[in-house]
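Asks: Got a structure for you, written out below as structure tokens; questions coming shortly.
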Amino acid sequence: MQVSVENTSALERRMTIAVPAERVETEVNKRLQQTARRAKVPGFRPGKVPMSVIRQRYEDAARQEAFGDLVQASFYEAVVEQKLNPAGAPSVEPKSFEKGGALEFVATFEVFPEFTVAGFESINVERLSADVADADLDNMLEVLRKQNVRFEATDRAAQNEDQLNIDFVGKIDGEAFAGGSAQGTQLVLGSGRMIPGFEEGLVGAKAGEERVLNLSFPEDYQNLDLAGKTAEFTVKVNSVSEPKLPELNEAFFGQFGIKEATLEGFRTEVRKNMERELRQAIKTKVKNQVMDGLLAANPIEVPKALLENEVNRLRVQAVQQFGGNIKPEQLPAELFEEQAKRRVVLGLIVAEVVKANELKPDEARVREMIQEMASAYQEPEQVVAWYYKNDQQLNEVRSVVLEEQVVDTVLQKATVTDKSVSYEEAVKPVQAPAAD
């Protein structure tokens with residue numbers, strides 16, 4: 001077999017492969033012999049059909065089948081021989097495949113980039129530390145109470161945080177518009193559900209009162225047909241209900257599955273959850289800084305095939321998350337390219353760090369992570385057992401642990417600054433930079 005390789009770009013390879021005629025004919029004859037054993041031809045008993053008849057009837061099909069198998073097999077042999085690492089399936093262009101002659105074809109494909117991960121010393125990481133103070137715990141209990149608020153009807157005037165039941169009709173230039181009217185809608189004042197001025201315009205209203213609100217849709221409103229336009233809303237307030245926070249009692253604690261249904265037991269359990277969230281938030285922020293640093297220090301070219309595959313994965317995830325009747329391929333690729341490129345590049349970099357440092361998942365850390373996740377459930381032992389019986393889930397945890405070990409490897413050489421902050425600051429998500 002003859003092989004020649006041409007570098008058409010940094011990652012693209014154009015490989016010409018010639019398979020000797022003898023091998024081609026051997027493969028064709030092998031298929032004809034297999035066909036002869038099972039072929040049913042009128043006038044002949046099965047297995048007794050002359051090869052000349054078999055060849056006349058089936059040679060073209062056998063040759064096409066041999067072509068496909070030979071292309072696949074010889075391509076694999078060639079990339080192994082040439083020590084190439086394809087990043088995707090090749091594009092195959094036949095050059096010659098005549099009866100009695102050699103098979104020659106051209107395979108065009110991309111290879112994985114070859115690089116050495118560097119720049120650990122240039123990475124700066126701010127590692128936060130924090131504790132769950134009693135005030136943080138008290139604030140969390142209030143959050144949990146507000147999440148379980150109930151509303152009771154009242155005769156007083158509406159104020160922020162009250163829930164109103166309303167009917168409304170919106171008009172632009174005296175004409176009702178699509179989506180601008182509703183009946184029996186529940187609206188909590190101050191929730192920000194409606195356009196600016198709507199909820200504010202109902203503060204002070206009482207049950208049975210009707211108000212007319214003249215408002216403008218924001219210039220950046222999602223419905224471009226309404227953006228920037230002025231509308232008149234006629235709103236009837238059917239009822240006003242005031243919020244009633246639940247008491248911190250046994251009934252409330254029971255909603256969270258707390259075994260020790262006392263205030264002390266509830267506070268202990270909530271504190272555990274907050275500490276678990278705190279540890280994860282700090283770990284995530286460190287990891288993100290490390291990954292950003294690796295990206296900045298190691299600019300590499302991305303194979304188009306890998307980028308396309310990742311874009312398609314993100315399309316599918318988007319459809320699964322948001323639903324609708326849209327198909328993944330209908331979503332513009334541009335929406336996902338930046339995120340896909342980041343994922344692909346980081347995947348290549350992390351894989352190279354793992355390879356260069358001969359890292360393997362630390363099974364003790366794997367068990368520790370599983371136990372940490374299981375501690376959030378009522379029967380943690382059952383959760384741990386489930387993970388160890390489910391290979392797919394277990395391997396996902398191993399992948400996360402291996403990524404953490406990559407972070408640890410980088411931190412050994414990076415510049416790390418420790419900073420003590422409040423619980424709220426530690427768990428607050430990092431805001432993405434504003435677009436220019």
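Readers should treat all values here as calculations from the given coordinates under stated rules, not as data from a laboratory. Note that the coordinates shown come from a computational prediction; the quantities given were computed from them, not determined experimentally. In this analysis, Cβ positions are derived from the backbone assuming ideal geometry, glycine residues included, and neighbour counts consider all displayed protein chains.
Asks: Would you check which residues across the stretch 244-284 are touching a strand residue (DSSP E or B) at 6+ places or on another chain (Cβ under 6 Å) and either over 15 Å from Ala426 (Cα atoms) or among the aromatic types (Phe, Trp, Tyr) (or both) and list them?
Replies: Lys244 - this is the single residue of the stretch 244-284 that is touching a strand residue (DSSP E or B) at 6+ places or on another chain (Cβ under 6 Å) and either over 15 Å from Ala426 (Cα atoms) or among the aromatic types (Phe, Trp, Tyr) (or both).
Asks: How many of the residues making up the stretch 374-393 are crowded, with 16+ Cβ neighbours inside 10 Å and hydrophobic (A, V, I, L, M, F, W, C)?
Replies: Final tally of qualifying residues: 3.
Asks: From Ala426, Ala364, which residue is under 27 Å from Val270 (Cα atoms) and touching a strand residue (DSSP E or B) at 6+ places or on another chain (Cβ under 8 Å)?
Replies: Ala426
Asks: Oh, and also: Would you point out the residue of the stretch 10-44, among those that are surrounded by fewer than 16 Cβ atoms within 10 Å (Cβ to Cβ) and of a type in the set (Val, Ile, Thr), that is nearest to Ile300 (Cα to Cα)?
Replies: Thr26
Asks: Would you pick out the residues in the stretch 357-379 that are outside any loop (DSSP other than H, G, I, E, B) and at positive phi?
Replies: Correct list: empty.
Asks: Just the residues that are part of a loop (DSSP other than H, G, I, E, B), of a type in the set (Val, Ile, Thr) and surrounded by 15 or more Cβ atoms within 10 Å (Cβ to Cβ), please, taken from the stretch 230-271.
Replies: Ile258, the sole residue that qualifies.
Asks: Let me ask another. Determine whether Gly201 is more than 27 Å from Leu144 (Cβ to Cβ) and surrounded by 13 or more Cβ atoms within 10 Å (Cβ to Cβ).
Replies: The answer is yes for Gly201.
Asks: How many residues does the stretch 1-29 hold that are without any contact (Cβ under 8 Å) to a residue 40 or more places away in the chain and within 47 Å of the chain's Cα centre (by Cα)?
Replies: Residues meeting the conditions: 6.
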